[in-house]
Amino acid sequence: MLTAPHAAAPIGVFDSGVGGLSVLRALRAQLPQEDFVYLSDAAHAPYGERTDDYVNARAAGVANYLVAQHGVKALVVACNTATAAAIQLLRARWPTLPIVGIEPALKPAATASQTKRVGVMATRSTLQSAKFKTLLESLQGQAQFVVQACDGLAAAIENDDAQMTQALCETYVRGLGDFGRQPGAIDQLVLGCTHYPLVSGLLQSLVGPTVDLVEAGAPVSLQTQRVLAQAELLFCERAAGTTQLLSTGAVDALGGNARRWLGLEVLVEGVQTDGMS
């Protein structure tokens, strides 16, 4: 049984791999006094190329592990695919636990767009989800959205395959059409997978300096702060919290990416979550 969370408990964050580090980066910047436990389910990555049933089972198992073993006071689902497939299941299973999901940042992109033409890069699973389709329908008339399924890109980033990442980014950016501020061009590019902000420099070079890259890390961190405040679970009794890194796969890969993207020198612990759903 889930005990009542307390303010000093850590915030759990999970993704299928290293992509969620882009969200963790925003969370640590917004909530520096909080402790975080980040779990990379790398043994089962990438979620974006799995079935909904598979993602549901993995999300439930990982969430159960973070609740049971680390007593997290809140859960951030730092994965668009897992949010789309499993967020309702998780909230039903843990109704008293604050759970924050993520979705492609279409709304802010539409608002900011001057050309009213917005590109969206995401996994095929995210783009085919009912949650994404509902979001897209809710924004009809606010902008024209050009979507691109980026098969294999999350895996290439996860595996630190620079050559494949470059080739796939070039292919998918080219598939979206013209970029820029001129009429009919895309001036906002939504990065609809948490892996993609980790190669934002490459993507920016491909679309040009006048195009805005829109990611969801900052909105998620602000929402997490809001729900913790509402639940009276914000912890403000220290200047800086700690971050613990866990992986169901190769620990060296997560540790290396944490150093690269977050400047974190943390020993990564290997864990098993199978059978905990």
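Every number in this text was worked out from the coordinates using simple rules, so none of it is lab data. These figures come from a predicted structure and were not determined experimentally. All Cβ positions, even for glycine, are placed from backbone atoms using ideal geometry, and neighbour counts span all protein chains on display.
For segment 106-215, give the magnitude of the charge dipole about the Cα centre (Cβ charges: +1 Lys/Arg, -1 Asp/Glu; no others), in debye to the nearest 20. Walk me through the numbers before you get to the answer.
Details: 8 positive and 10 negative charges, 98 e Å.
Using Cβ point charges on Lys, Arg, Asp and Glu, segment 106-215 gives about 460 debye.
Ranked by Cβ crowding within 10 angstrom, fewest neighbours first, how are His44, His6 ordered?
His6, His44
Rounded, prolate or oblate: pick one for segment 106-215, where a ≥ b ≥ c are the square roots of the eigenvalues of its C-alpha gyration tensor, a/c under 1.5 means rounded, and failing that, prolate if a/b is larger than b/c, else oblate.
Oblate shape, in that a/c is at least 1.5 and b/c is the bigger or equal ratio.
Between segment 212-255 and segment 128-175, what is the separation of their alpha carbon centroids in Å?
A separation of 24 Å, based on Cα centres.
Could you please rank Cys150, Cys236, Cys79, Cys169, placing first whichever residue has the fewest other Cβ atoms within 10 Å of its Cβ?
On the way: Cys150 27, Cys236 9, Cys79 35, Cys169 22.
So the residues, fewest neighbours to most, are Cys236, Cys169, Cys150, Cys79.
For the chain, what is the charge dipole size about the Cα centre, in debye to the nearest 20, if Lys and Arg each add +1 at the Cβ and Asp and Glu each add -1 at the Cβ?
It comes to approximately 660 debye.
Extension gain Arg181-Trp261, at 0.36 nm per residue separation less the Cα-Cα distance, in nm?
25.8 nm
As an exercise, use a Förster radius of 25 Å and the Cβ-Cβ distance of Ala162 and Cys236 to find the FRET efficiency, rounded to the nearest 0.05.
My answer for the efficiency is 0.05.
Given the rule -39500 (n - 2.57) for each run of at least 4 DSSP H residues, summed and divided by the residues of the chain, what is its mean residue ellipticity at 222 nm, to the nearest 500 deg cm²/dmol?
-13000 deg cm²/dmol
Got a sec? How would Phe14, Phe145 order by Cβ neighbour count within 10 Å, fewest to most?
The most exposed by this proxy come first: Phe145, Phe14.
Find which of Gln163, Gln272, Gln128 sits farthest along the positive direction of the dipole of segment 118-277, computed with +1 on the beta-carbon of Lys and Arg, -1 on that of Asp and Glu, about the Cα centre.
It is Gln128.
Taking the chain as the reference, fit the longest principal axis to its C-alpha atoms, fit the long axis of helix 251-262 to the helix C-alpha atoms, and give the angle between the two in degrees, 0 to 90, nearest 10.
60 degrees
For the chain, with the dipole built from +1 on Lys and Arg beta-carbon atoms and -1 on Asp and Glu ones, taken about the Cα centre, which of Ala239, Ala216, Cys193 lies farthest toward the positive end?
Ala216
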